[in-house]
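Notes follow once the structure below has been shown.
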Amino acid sequence: MTLTKIHPAATRALRRSLGPRVVRTDLAARDQASFDSSKIAFLPEAVAFPRSREDLAALLVLANRFRVPVTVRGRGTSLTGSAAPVRGGWVVDLGGWKGIRLEPEAGLIHAQAGATIASVQKAADAAGWFYPPDPSSKEYCTVGGTIACNAGGMHGGKYGVTRDYVLALEGFLPNGDYVEWGTPTKKFSAGFNLRDLWIGSEGMLGIITGATLKLIPRPPVRWTALAAFRSEAAAFRAVLELFRARVQPAICEFLDRYSVLCAERATGATLFPGLSGRPLLLIELAGSAGEVREQKRAVTAWARSRAAAFRVARSRSEAEALWAVRRKCSGAMFELGDSKLNEDVVLPMRSYLAFARLLESLRRESGLSIPTFGHLGDGNVHVNIMYHRSDPAQCRAAQKAVKRLMSGVVELGGAISGEHGIGLAKTPFLRMQHRPAQIRAMQQVKKALDPRGILNPGKMFEVFRVWEHPRLEVHLPWDHK
Ligand SMILES: Cc1cc2nc3c(=O)[nH]c(=O)nc-3n(C[C@H](O)[C@H](O)[C@H](O)COP(=O)(O)OP(=O)(O)OC[C@H]3O[C@@H](n4cnc5c(N)ncnc54)[C@H](O)[C@@H]3O)c2cc1C
């Protein structure tokens, strides 16, 4: 763990201003705030648990006066190192800001930055509403963190991602000024849209303290089915066919044969007896009874002509049994290597088949296991490069494979990240995605809003060599989910 430049006078001033209960400097608190789910760690000098907007404003004013880096933290579930305080300084933990207020008639929810996505969904559901962005980490990750990363999930293809549900934001500019972007209305056309600039800015352009989120009516009917295919290419082709038939599944989850085999070994169950280890598509339809009935017919006809085998869940518990394979596969992959590069690339539909070929060539060239699953409704695929950390040849092969994956995805017209963001881990690839002029424009925005480089410095634009940094050996509650 690295400790960069220290600011003892600034930290003393902060403790004097906010008090020792708000600003902790003990090793236990600093240690907890030093890493996220990437397990890349940098020790901060202090961790602040602000009680109010006044606390936050005072902290930012001091940070600017003494030039102390400030990294905001939701719950630290980020997989890219974006919440790790790479330049030390102070961490601001907003995990305690959990307030939620529902406006049932308007279909809106006002949430403080530290509320978890599960708590937002639960409050919405109790009133017959639905908040669709659903990262698998939803029991833990926060409203602020998911907005800062523009998080997605399995429902992205039909319902979109976090950005599509943020109506208004409130929070602080890096200099400590309080701002509100937008109003709790569905239309807003008054001035530059800085709300959208904050979404996906990974805590580098402002601190979000609260958000107004849009809800949609909860779909009354759900229908779940699972289809097995002869090959990955056959599954990809079938997805294209499904969308050509104008079916819009709420979820269209793909698992390649390697992911399926891991899950089957972990559960000891095969969903299609005699067809173990076949690529799968898990399809979920959602909507009104009429809508689901019509789409169900189309999916059944599609499966008859395209799939090697097909099963429909007749109850919620049967649906859960089909889901088990998807839920288990990620953790089960650790039988293939003790370490995983979990990438979240995005492909345009027209490149699905070329992507299947790219994956095969990556496997051949690297000699590594690369189980892959993902959300084919929006082309967001999780490519898991498995390797053993103690084996230098495997580490080199994994490094090479991830670079080749990223360049291949960009060549196919895709994106190096669909939901996790850049943080530290993906900084070497930003230049593959963006032209120099585009990166310069982003840096100019950062400079305009944060001239002293206070908020989350060292991220996104500076190349971080993740392989040269040891990872912490810690177990987090959400590991292997
Ligand atoms: C098991 C697991 C499953 C996951 N599944 C998914 C998935 O399906 N889809 C998906 O999109 N992601 C997924 N993730 C990644 C992760 O959960 C998301 O990136 C999430 O958005 C991070 O939320 P957090 O509250 O933990 O934020 P943190 O990790 O604490 O912070 C993430 C970034 O947001 C910034 N930030 C946090 N709070 C604020 C704030 N209030 N104001 C400004 N900036 C802020 C931080 O500075 C940092 O840059 C998964 C992670 C794990 C561990």
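The values are calculated or read from the model by the stated rules, or taken from the named source; none is laboratory data. Being a predicted model, the structure only gives us computed values, none of them experimental. When we count neighbours, we look across all protein chains shown, and the Cβ atoms used for this are built from the backbone with ideal geometry, even at glycine.
Return yes when A356 is in contact with a helix residue (DSSP H, G or I) (Cβ under 6 Å, 6 or more places away or on another chain) and outside any helix (DSSP H, G or I) and no when it is not. So A356 does not fit the description; no. Hey, can you tell me all the residues within the stretch 374-412 that are part of a loop (DSSP other than H, G, I, E, B) and either under 25 Å from P133 (Cα atoms) or among the aliphatic types (A, V, I, L, M) (or both)? Result: L376, G377, D378, G379, L412. Looking across the stretch 130-180, the residues that are assigned to a helix (DSSP H, G or I) and near the ligand (Cβ under 10 Å from one of its atoms) come down to V143, G144, G145, T146, I147, A148, C149, G156, T162. Contact map, the stretch 447-473: first residue in contact (Cβ under 8 Å) with a residue 12 or more places away in the chain, second residue hydroxyl-bearing (S, T, Y) and in a helix (DSSP H, G or I), Cβ cut-off under 8 Å, separation 6 or more or different chains; pairs are K459/T427; M460/T427; F461/T427; E462/T427; V463/T427; F464/T427.
Here's the yes/no breakdown for (1) within 16 Å of the ligand (Cβ to nearest atom); (2) farther than 25 Å from S369 by Cα:
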site: K400; (1), (2): no, no
site: E419; (1), (2): yes, no
site: I422; (1), (2): yes, no
site: A425; (1), (2): yes, no
site: R431; (1), (2): no, yes
site: I439; (1), (2): no, yes
site: G453; (1), (2): yes, yes
site: G458; (1), (2): yes, yes
site: E462; (1), (2): yes, yes
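Residues of the stretch 353-404 that are acidic (D, E) and exposed (fewer than 15 other Cβ atoms within 10 Å of the Cβ): E360, E365, D391.
Taken over the stretch 46-62, the criterion of being in a loop (DSSP other than H, G, I, E, B) and either more than 26 Å from the chain's Cα centre (by Cα) or surrounded by fewer than 18 Cβ atoms within 10 Å (Cβ to Cβ) (or both) is satisfied by R51, S52. The residue pairs whose first member lies in the stretch 132-149 and is of a type in the set (G, A, S), whose second member is more than 6 Å from the ligand (Cβ to nearest atom), and whose beta carbons are closer than 7 Å, counting only pairs six or more residues apart or on different chains, are G144/G114; A148/S201. The criterion of being within 13 Å of the ligand (Cβ to nearest atom), farther than 19 Å from Y140 by Cα and either surrounded by fewer than 24 Cβ atoms within 10 Å (Cβ to Cβ) or not hydroxyl-bearing (S, T, Y) (or both) does not hold for V92.
Anything in the stretch 273-286 that is in contact with a strand residue (DSSP E or B) (Cβ under 9 Å, 6 or more places away or on another chain) and either more than 20 Å from E318 (Cβ to Cβ) or in a helix (DSSP H, G or I) (or both)? List them, or say none.
We begin by selecting, within the stretch 273-286, every residue in contact with a strand residue (DSSP E or B) (Cβ under 9 Å, 6 or more places away or on another chain); these are 274-275, 278-286.
Within the stretch 273-286, just P279 meets the criteria.
Take the conditions at positive phi, at pLDDT below 95 and part of a loop (DSSP other than H, G, I, E, B) and apply them to G191. Does it pass? Here the answer is no, as G191 does not meet what is asked. Spot the failing condition for L205; the list is (1) more than 16 Å from the ligand (Cβ to nearest atom); (2) part of a loop (DSSP other than H, G, I, E, B), and only one is missed. For L205, the failing item is (1).
Restricted to the stretch 63-81, and to residues that are within 11 Å of the ligand (Cβ to nearest atom) and basic (K, R), which residue is farthest from P451 (Cα to Cα)? Taking the candidates together, the pick is R75. Of all the numbered requirements in (1) surrounded by 22 or more Cβ atoms within 10 Å (Cβ to Cβ); (2) modelled with pLDDT under 95, A425 misses one, and that requirement is (2). Scan the stretch 19-42 and tell me whether some residue there is of a type in the set (S, T, Y) and part of a helix (DSSP H, G or I). Among the residues of the stretch 19-42, not one is of a type in the set (S, T, Y) and part of a helix (DSSP H, G or I), which makes the answer no. Of all residues in the stretch 305-342, those that are under 28 Å from P371 (Cβ atoms) and either without any contact (Cβ under 8 Å) to a residue 12 or more places away in the chain or in a helix (DSSP H, G or I) (or both) total 22.
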